[in-house]
Every structure is written in structure tokens, then in C-alpha cells.
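Working notes, structure below.
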Amino acid sequence: MSLHNHHAQKVYERGFNQQHIDALCKANGRPAVLESLSPEQIQSDWLDRFPAMRGNQGGALLLRFNDDTVSLKPDQPDWDEEHQRHKKYLYAVRKNGQKPGATTQPWIPSKPPQIATEGLFDALACTALIGIPCAAATAPSHIRGSRFPATVKTYISDSDVPFHHSPSLLPVVVEQCREKGLKMAHLPRNPDVSYAYTGPRIPEDCKWGMEEWSRYWNQNNLDPQVELQKVIGNAQEPFDYLRQIFSDYQSLGVIYPDHQPILENAAKAIAAASRKPHKRRILRDQLHLSTTAPITWIDQVILSKDPGYDPGEPEPSEWDIRIQVAKDSGNGDPVAIDAALSNLLNERAVEVINSSRPIREQKSALKRVAHSLGFKPDNNFIADLYAQHDTTAAAYEPDVEPGNSFVATQQEWLLHEIFILGLNLLVGMPGAGKSRLLVALIRAYLNDQATFVGRNLRPGSKQKVLLVGTDQDRQQWGALLEEQGLATIVKRFTAEDGTDQVEYKLHNAIHLKTSGGCFALDADGLRSIRNWCKANPGGLLIIDSLSAVLPAGISESDEAAGRLMRQIEVARQTCPCIVTHHSNKSSATAGDLGVYSGSGHGSIDRAVSRFIGLGYETHKEHGIEKLHEDSPRRVLTSQKRGAGNQRLILENGHHNTWEFIGTAAEMRELRREDEEGPAEERLTGWKLDAYKATTDQWLSTGQILEAIESPRAKKPNAHKQLRESLAELRTKHQLVQQKEADTYQGQVLWRRKPAELL
């Protein structure tokens, strides 16, 4: 099948070549798209479909959208008196028995289209000339009934649609695209004409479609496919599409009343874009601001389109609008609506939780927000919601997936082998000097003192200190801090009630909380600590004491106290933390401040990285071990993760000085030497053989065993016996030193303790 020459010439003028025409006129598995009809054929065979052609002396070009939908382009179009134009295209009437809409179905290209447009030739130009498959609606008013494939997401109008005088164009396209769930866009405006026209009809040069733009882009060395993809990429939902059009009106100078036909259609399109009063109000106000069209006039036009429109309806709140937008986004799907409302709840929850309001008020606010969104929240619902979004309380160490890398802070010490850069628990009996020790530590820390109690101390002059000293009042802390130079006396005076008062000025690096501040480690208290630690990374956090900050309802004997310690571990972030706690009395009396010697539930001790005990020296009276409470000396122990157990003897002197006397083992050995002589002279058996085989150089256990000449070195258990003897020489007699092997899983190394350290 071929076209008549005059029809083929018209198709050539549209930009198609012979190959295109051959394809369009060939059946190719379905009816040909284009077919020439002679006057005789029309009068004989087609008047039942196109009765308006009766008596017309001309032929026509038949446009076939599909099996049922055809259109006719007459060679001699009749005049349309109503619209004052020639009838360029004729729609076919339905055959007997055909359902409404059967004759207005779209043309679908062979490849799945993502877009649709009005008119067959525009769709053909887009598909064949530009290279983007495009479906063709038979008319703008047929969008609603067109059975587009699911791949079609966007409708592309011609350039003139937003500016057309026809009252049935812009509102119809907007309304039907909204109902079909299609995004909207229109082709660019002809750059050589004005769309802010004032005549009764839009100029023909404004009516650029796919054909005109394909030709223009090629003539200007632009890639038509790339240019059209830009148009598709800028497509918007009908509501947002109108907002963009109204902005275009302002930039082009479309103004009331000069361009009233354009603006009347725009106002009708407002009613078509949304049924929601707040959205209509937004569009109405924007059209007014962009074009000076009176609000009352716009309201009347909207009312003519939708008699149910009420311009006096109360203005919804911003929150009501956000709720409605969330509901609208679900497009009637209850699951999607629930997801959208949940997202809005989560978004608002973050705003509430990040506010400065107390947590109790925040949770009440969250419950009200959830109710306003249609949820029925109980306390567990709110607690879960709060925990989900309280990022300050969330774990700061996410899971590591198999094979992934992760970064960890290198293990370091605040006070070498005593206080770790982690969570430390310092226990001791009341009066043992825990607070005094910590104040002296703070002074040394802030002054970059190299050592404290004989151990290397991390410098802290550039850090801050949070001292939660709720175990004592301002009077006690003032005296302790002033003694160490961490507070200075400004003046002394007598208050109106006759009491003597002292005004102190606190060190500018210390934040102090005292017993009178009613601070507790409830949710608000933990949050304040988290916030301080996040604002002061690496700063020193001291809580003195645990029992004084326990929230209401939690006692030391509860496992909840241990969970609270774990919450402190999270809250401290990167800050080293020392928490003081009272010791178990029986352990303190026995001089045994080891692990699990703190009072209360054992989970408290287990939650910490390092356990430190501060106790009195003990001595025996009549064979009974008693505390030496009148002695200035204290025993400082440190155990658990990070290093071996430490046991130091300290002396607390005047002005809260702390002097390192020696290790407990060293002190025992000194007393023994006084009674029995030097340790190396008391050695016998395996310990004597082991000591003789060591040197000033580092040797492995195996090397030492080879140097032992005694027959016992040949016994099967010799290596184990030697290992235990070397361990005693190190811990009990202080005669040798130990270090880890230089290679992975190698033997431990040993050497004699240098003379200057003995």
C-alpha cells in the first residue's frame, strides 16, 4: 500500500523520509498507520464512520491509531462555524455495538513508550525522528479514557497549551493527567514569538509540537533526543506543573486584564489540579501575585468550574497541610498512606527529640503528634519511637560486616595501667580519699604534669573536665578545689542570715555539679552528659559518686544499676570516665579491694573496663587483720581489661599531695628482706636454677631452660615448672622482668631486673 503523491508530499514536509513512509504504510503485522482514501472510497465505504464527509468532493488521509480508532484528515476540510476554523481532523463515530471510548484509543509504538502526547504525527515524529518511543492520544480530552500502557508516566503537551485561549485545553489536560496519575510537561516555547498575546486567538507560530522542535533542534546542531530528555526530566505533578506555569506568566509579562483569556483558563486549571482547598489556595495566591489578577475574580472562575468550591474555608495549619500531603502521596493505597504518615511521624520525632525541652515533655509531644496522624500510641510505642531516633543515645559503633574494615581507638591510658581511656570504676570506703585523689588527679591533668603517683599521666591542659560531684555540697568541693588551685577565693562575707560565706572562682576548664543541683542519671541527665562529651571530645568525665546520681526507682542492688553503667559507657563517647562507688565493707576490712568488691549488684563492676580500688593499709592485731585507718598510706589497686593487676602503696600528705611509695609486692619484699635477707639469697630449687640461668638480656623460656644444668631440666614437666618459677620471681620476689614475644604466638621473654630498679 502506498500514499497518493499529494499525501506523501505532505508527510515529507513533516520531516519523514521514504523509509518512514514505507514503514507507516505497511501492515507489518497490524493495520497500516497511514492510508490514502480517494473521494470515491470515502463516499462508498467510510460515510458510516465519518458522516461529516457526505458530499465532500475531496479525498483524505486516514490515520489509524489501532484496530478500532481511526481519524481522517480531509483534503478539502469543511469550515467549522462554531470554532471559526477549518475541520482539519475528523473523529470516527462508533459502530453499532461498540462501547464508548472504543474509537478514541491511543496509538502505541512497538517499543514501550515512557511518554504520550496529543496527535498521531507528533507521536510519530517523536518516535521515528527523535528516537524516543511516544504514545499518541487522539485528543487532550481523551487522556482520561486512553488505555496507555503502564510504562507511560508523563504527558508532553505542545508549546501553546499553557497559553491557549481555548477554555477546554489547559484545564482538561491538567485534570485528566491528575486523574491518570501522569506527570506533566510542555515543549519549549517558540523563541521567536510572544506567548503573551492580546488578540482573540493564539498565533499559529505559538503552536510548536514535536515536529517543529525536531526540525529546530536538528537545524541548530542539537541532539533532539538529549533536548527532549531535558523536557521529560523536568516533568512535574499537575499541582507543581501549574506553579511553574504561573511563574512563567510573571516572567513573560502575562498580566490581568490584558491577557484575561489565558488567565481564565489558568484559574479553571486550579480547580482541575487538586480537590484540596489548601492546594487551590496556594495556586490562587500565586496566580494573583504573578499576574495581579484579583483574588475575588480568580475565586469566581474557580467556582464556575467547581460549584462546590468554598473560598472562605478556614486556612489549614502547616501541620494539617503536611498531613494531607502525606495522605495524598499514597494515591489511595492504605499501605502507602501508612508508610507516608510513618515517615512524617519519624521526621517530626527527630525535630522534637533534638529540641531543648525536657524528655518527659518531648515524649508527651510525640504522643500528641502520633494521635494527630491517626496512630493510637501507648507508652511502649512512644518509648520505641524515642529510642529509635535518640541519636545521642544510639550506639556509636555500628556493626562490622564480614570482610569489612573498621576503625577503633587505640588502647591508651589516662594514668598508665591505672585509669584507662574508657570507663573506670573507683571503689573505696567513705573517707578513704577517693574525692581527694581525683581532685589531685585533675590538678595534675590540667597542668600537664608528666607523672602522677609514679605513673605516666596523659596531658590535659587543652581539655575540659566535667565533675559531677553530687556526693558533696559546694562547701566541701570549694575547700577541696581551692586546696589544689582549681578554685580561687574571691571574697569572704557574711550573708543576711548571719552565716559566713565564701565566694569561689572555678577553674575555667572545669564544669562542676554538686549535691544541691539535684542532678540524676535519668534520661535528661544522661543526655546532658552525652551532649557535654560530644561537645568536648577527649575531655575528662568524673562522676562522684554512683549512688548519689541513681535515678528514682533504681538502687545499687538492682541489675538496672549495671545497665545504667552501660548507658554511661555509651554517653561518654570518646571521653575517659571515672565513676566512684562505695566498697563492699567486708572486702574493705579484709584489705581486698579486688573485682566484685563494690557494694550493690555485681553487674555494676562487670560493666566497666577498669576496676580501681582505694583502701587503707591493713595490719594484724592479735592475729586479726585490721584496717590502719590512722595511717596516711593507702593501697591503690587496678584490675581487669587493658593491663595486668596493679597494687600500689601511696601516701596522702598535707595539702592533698599523693606520693608513690612503691608496689605492694616491693613493700612486702622489703619487709621480708629486713627479716630474712635478700631474696636471691633465699632462693632454692627451681627458682634458684631459673634465676641463675637468666641474664641482663631478654631470653625466651626455652633459652633459659637450655641454660639450666640441673637434672630436673630433663624432666617432662620442666618447661611448666620453669614458667611458674619465673612468674614467682617476677611477682613475688621482684627479681626479673617479663615482656611479650617479638613475634605472634612466640614465647614470653625474660631478663633480670636492672640494678637501678631493684
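The values are calculated or read from the model by the stated rules, or taken from the named source; none is laboratory data. Everything numeric here is computed off the predicted structure, so don't read it as measured data. In this analysis, Cβ positions are derived from the backbone assuming ideal geometry, glycine residues included, and neighbour counts consider all displayed protein chains. Surface areas here come from the heavy atoms of the whole protein model, side chains and all, with no ligands, DNA or RNA. Shrake-Rupley method; radii C 1.70, N 1.55, O 1.52, S 1.80 Å.
From the list Asp285, Asp240, which one is out of contact with any Asp or Glu (no Cβ under 6 Å at 6 or more places or on another chain), free of Cβ contacts under 8 Å to residues at least 12 places away in the same chain and open to solvent by less than 60 Å² (accessible area, probe 1.4 Å)?
Working: Asp240 fails: open to solvent by less than 60 Å² (accessible area, probe 1.4 Å).
Unique residue meeting the criteria: Asp285.
Residues of segment 202-225 that are open to solvent by 70 Å² or more (accessible area, probe 1.4 Å) and within 16 Å of His186 (Cα to Cα): Asp205, Gln225.
Checked against (1) in a strand (DSSP E or B); (2) at pLDDT 95 or above, Pro459 passes all but a single condition, namely (1).
The single residue among Ser168, Ser194 that is among the hydroxyl-bearing types (Ser, Thr, Tyr), open to solvent by 30 Å² or more (accessible area, probe 1.4 Å), in a loop (DSSP other than H, G, I, E, B) and closer than 30 Å to Asp328 by Cα turns out to be Ser168.
Inside segment 443-460, residues that are within 30 Å of Asp522 (Cα to Cα) and open to solvent by 50 Å² or more (accessible area, probe 1.4 Å) make up a count of 1. The C-beta contact set for segment 129-152 (first residue touching a residue at least 60 places away in the same chain (Cβ under 8 Å) and closer than 16 Å to Val173 by Cα, second residue of a type in the set (D, E, K, R) and open to solvent by less than 40 Å² (accessible area, probe 1.4 Å), distance under 8 angstrom, 6+ apart or interchain) comprises Ala136/Asp122.
Taking segment 641-663 as the range and being in contact with a Ser or Thr (Cβ under 6 Å, 6 or more places away or on another chain), open to solvent by 60 Å² or more (accessible area, probe 1.4 Å) and part of a strand (DSSP E or B) as the test, only Arg647 passes.
Kindly indicate whether Pro106 is surrounded by 14 or more Cβ atoms within 10 Å (Cβ to Cβ), at pLDDT 90 or above and more than 60 Å from the chain's Cα centre (by Cα). Break it down into steps so the answer makes sense when it comes.
On the way: surrounded by 14 or more Cβ atoms within 10 Å (Cβ to Cβ): yes; at pLDDT 90 or above: yes; more than 60 Å from the chain's Cα centre (by Cα): no.
Taking the combined requirement at face value, the residue does not satisfy it.
Taken together, Leu385, Leu373 contain a single residue that is at pLDDT 90 or above, open to solvent by less than 50 Å² (accessible area, probe 1.4 Å) and of a type in the set (A, V, I, L, M, F, W, C), which is Leu373.
I'd like to check something: does segment 234-257 contain any residue that is in a helix (DSSP H, G or I), under 37 Å from the mean Cα position of the chain (by Cα) and more than 26 Å from Arg322 (Cβ to Cβ)?
Looking for residues that are in a helix (DSSP H, G or I), under 37 Å from the mean Cα position of the chain (by Cα) and more than 26 Å from Arg322 (Cβ to Cβ), one finds at least one in segment 234-257, hence yes.
Which residues, taken from segment 689-726, are of a type in the set (Val, Ile, Thr), touching a strand residue (DSSP E or B) at 6+ places or on another chain (Cβ under 9 Å) and not in a helix (DSSP H, G or I)? Walk me through how you get there before you give the answer.
Residues of segment 689-726 that are of a type in the set (Val, Ile, Thr), as a first pass: 694-695, 701, 704, 708.
Next, only the ones that are touching a strand residue (DSSP E or B) at 6+ places or on another chain (Cβ under 9 Å) stay: 694-695, 701, 704.
Selection gives Thr694, Thr695.
Of everything listed in (1) touching a strand residue (DSSP E or B) at 6+ places or on another chain (Cβ under 6 Å); (2) under 17 Å from Ala266 (Cα atoms), the single unmet condition for Ala135 is (2). Within segment 275-292, the set of residues being over 11 Å from Tyr309 (Cα atoms) and either among the hydroxyl-bearing types (Ser, Thr, Tyr) or in contact with a helix residue (DSSP H, G or I) (Cβ under 6 Å, 6 or more places away or on another chain) (or both) comprises His278, Lys279, Leu283, Arg284, Gln286, Leu287, His288, Ser290, Thr291, Thr292. Within segment 512-523, being open to solvent by 60 Å² or more (accessible area, probe 1.4 Å) and either farther than 27 Å from Glu482 by Cα or in contact with a helix residue (DSSP H, G or I) (Cβ under 6 Å, 6 or more places away or on another chain) (or both) holds for one residue alone: Asp522. Only residues that are open to solvent by less than 50 Å² (accessible area, probe 1.4 Å), farther than 16 Å from Arg94 by Cα and not in a strand (DSSP E or B) were counted in segment 56-70, giving 3. When segment 490-513 is filtered for residues that are β-branched (Val, Ile, Thr) and farther than 27 Å from Pro430 by Cα, the ones remaining, listed by number, are Val490, Thr494, Thr499. Cβ-Cβ contacts under 8 Å between residues 6 or more apart (or on different chains), taken from a first residue in segment 404-423 that is among the acidic types (Asp, Glu) to a second residue that is open to solvent by 70 Å² or more (accessible area, probe 1.4 Å), are listed as Glu412/Arg458. Only a single criterion out of (1) touching a residue at least 60 places away in the same chain (Cβ under 8 Å); (2) under 25 Å from Tyr195 (Cβ atoms) is not satisfied by Asn331, namely (2). Scanning segment 341-358 for residues that are of a type in the set (Gly, Ala, Ser) and either in a loop (DSSP other than H, G, I, E, B) or open to solvent by 20 Å² or more (accessible area, probe 1.4 Å) (or both) returns Ser342, Ser355, Ser356. Within segment 486-498, the set of residues being open to solvent by less than 60 Å² (accessible area, probe 1.4 Å) and modelled with pLDDT under 95 comprises Ala495, Gly498.
For every residue, the table says whether it meets (1) part of a helix (DSSP H, G or I); (2) at pLDDT below 90; (3) open to solvent by 30 Å² or more (accessible area, probe 1.4 Å); (4) over 30 Å from Gly55 (Cα atoms).
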residue: Leu72; (1), (2), (3), (4): no, no, no, no
residue: His83; (1), (2), (3), (4): no, yes, yes, no
residue: Lys88; (1), (2), (3), (4): no, yes, yes, no
residue: Gln98; (1), (2), (3), (4): no, yes, yes, no
residue: Thr117; (1), (2), (3), (4): no, no, no, yes
residue: Ile132; (1), (2), (3), (4): no, no, no, yes
residue: Ala135; (1), (2), (3), (4): no, no, no, yes
residue: Arg144; (1), (2), (3), (4): no, no, yes, yes
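Among the residues making up segment 150-163, those that are part of a loop (DSSP other than H, G, I, E, B) and open to solvent by less than 40 Å² (accessible area, probe 1.4 Å) are Val152, Asp158, Ser159, Asp160. Candidates Gln463, Gln501: the one that is surrounded by fewer than 19 Cβ atoms within 10 Å (Cβ to Cβ), in contact with a strand residue (DSSP E or B) (Cβ under 8 Å, 6 or more places away or on another chain) and touching a residue at least 40 places away in the same chain (Cβ under 8 Å) is Gln463.
Checking each residue in segment 156-201 for being touching a residue at least 24 places away in the same chain (Cβ under 8 Å), closer than 16 Å to Gly253 by Cα and of a type in the set (A, V, I, L, M) picks out only Ala196. Checked against (1) closer than 30 Å to Lys183 by Cα; (2) free of Cβ contacts under 8 Å to residues at least 40 places away in the same chain; (3) not in a loop (DSSP other than H, G, I, E, B), Gln19 passes all but a single condition, namely (1). Within segment 302-340, the set of residues being in contact with a Leu (Cβ under 8 Å, 6 or more places away or on another chain) and open to solvent by less than 30 Å² (accessible area, probe 1.4 Å) comprises Tyr309, Ile323, Ala326. If only residues of segment 528-582 that are hydroxyl-bearing (Ser, Thr, Tyr) and not in a helix (DSSP H, G or I) are counted, the one that is nearest to Met429 (Cα to Cα) is Thr580.
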